[in-house]
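Just so it is clear, none of the values below were taken in a lab; they were calculated from the coordinates. Bear in mind that the values here come from a model prediction, so they are computed numbers and not experimental data. Cβ placement follows ideal geometry from the backbone for every residue including glycine, while neighbour counts extend to all protein chains displayed.
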Amino acid sequence: DAGVIQSPRHEVTEMGQEVTLRCKPISGHDYLFWYRQTMMRGLELLIYFNNNVPIDDSGMPEDRFSAKMPNASFSTLKIQPSEPRDSAVYFCASREGSRDGYTFGSGTRLTVV
Amino acid sequence: ILNVEQSPQSLHVQEGDSTNFTCSFPSSNFYALHWYRWETAKSPEALFVMTLNGDEKKKGRISATLNTKEGYSYLYIKGSQPEDSATYLCASLDSWGKLQFGAGTQVVVTP
């Protein structure tokens, strides 16, 4: 089991550019979550999906952020246009059912300059 | 604003000593309480998931208890070892499926 796979591991981009973060959940997990880690807010839930359907996107900070899950094995988080304050580590996590812990990916460290 | 509160923010423990720290969470709409261990430069790793009032879970030298009525959980480390050094996160899962994390307790075990 390769776990939750995120790409890229690191992304440095210029302000105003579009950024796309990718996540492959564990096969068979029906929930997928996107979190952002910042010093100020800790691990902050952005959005989560159940069976590929977005359930709660209330944590998405602005319209510049969007997330999709076109199938059970792939999700993207897009920021357009990116701003320096978006710099953070973005984690994807998945789980099977409601009584299990989440399995986190290794995160994408985003730096917007 | 974090509704899930952890204390202390950090603590230093001598190797061999036991320690514990707290997580408080909203008791309304509660579904489950998660504990994660997060080592530097790695991703959080699930330790325990607890749902019932009075639950106690144990994994090796680490154990946790849950009080859903008053909204708190304790994590205990018995006979701390340097490899226990990490940030320990708790998270509260509500009945809507939303998992909210606390800021963590950073544990440093010194030989």
Requested in this report: Mind listing whichever residues of the stretch A:6-42 are closer than 30 Å to B:Asn3 by Cβ and not in a strand (DSSP E or B)?
Outcome: A:Pro25, A:Ile26, A:His29, A:Asp30, A:Met39, A:Met40, A:Arg41
**Report entry** Residue under evaluation B:Leu33, criteria (1) surrounded by 18 or more Cβ atoms within 10 Å (Cβ to Cβ); (2) among the aliphatic types (A, V, I, L, M); (3) more than 24 Å from A:Gly59 (Cα to Cα); (4) touching a residue at least 40 places away in the same chain (Cβ under 8 Å), criterion not met
**Finding:** (3)
Query raised in the report: Which of the residues that make up the stretch A:62-82 are more than 13 Å from the chain's Cα centre (by Cα) and surrounded by 13 or more Cβ atoms within 10 Å (Cβ to Cβ)?
Result: A:Arg64, A:Ala72, A:Ser73, A:Gln80, A:Pro81, A:Ser82
**Report entry** Extreme residue, surrounded by the fewest Cβ atoms within 10 Å (Cβ to Cβ), among residues of the stretch A:86-113 that are more than 7 Å from every other protein chain (Cβ to nearest Cβ) and of a type in the set (A, V, I, L, M, F, W, C)
**Finding:** A:Val113
Query raised in the report: So which residues in the stretch B:98-111 are touching a residue at least 40 places away in the same chain (Cβ under 8 Å) and either within 14 Å of chain A (Cβ to nearest Cβ) or under 21 Å from A:Gly42 (Cβ atoms) (or both)?
Result: B:Leu99, B:Gln100, B:Phe101, B:Gly102, B:Ala103, B:Gly104, B:Thr105, B:Gln106, B:Val107, B:Val108
Query raised in the report: Quick one: what pairs do we get from the stretch A:27-52, first residue within 9 Å of chain B (Cβ to nearest Cβ) and farther than 17 Å from A:Thr103 by Cβ, second of a type in the set (Phe, Trp, Tyr) and buried (at least 18 other Cβ atoms within 10 Å of the Cβ), C-beta under 9 Å, 6+ apart or different chains?
Result: A:Gly42/B:Phe101; A:Glu44/A:Tyr35; A:Glu44/B:Phe101
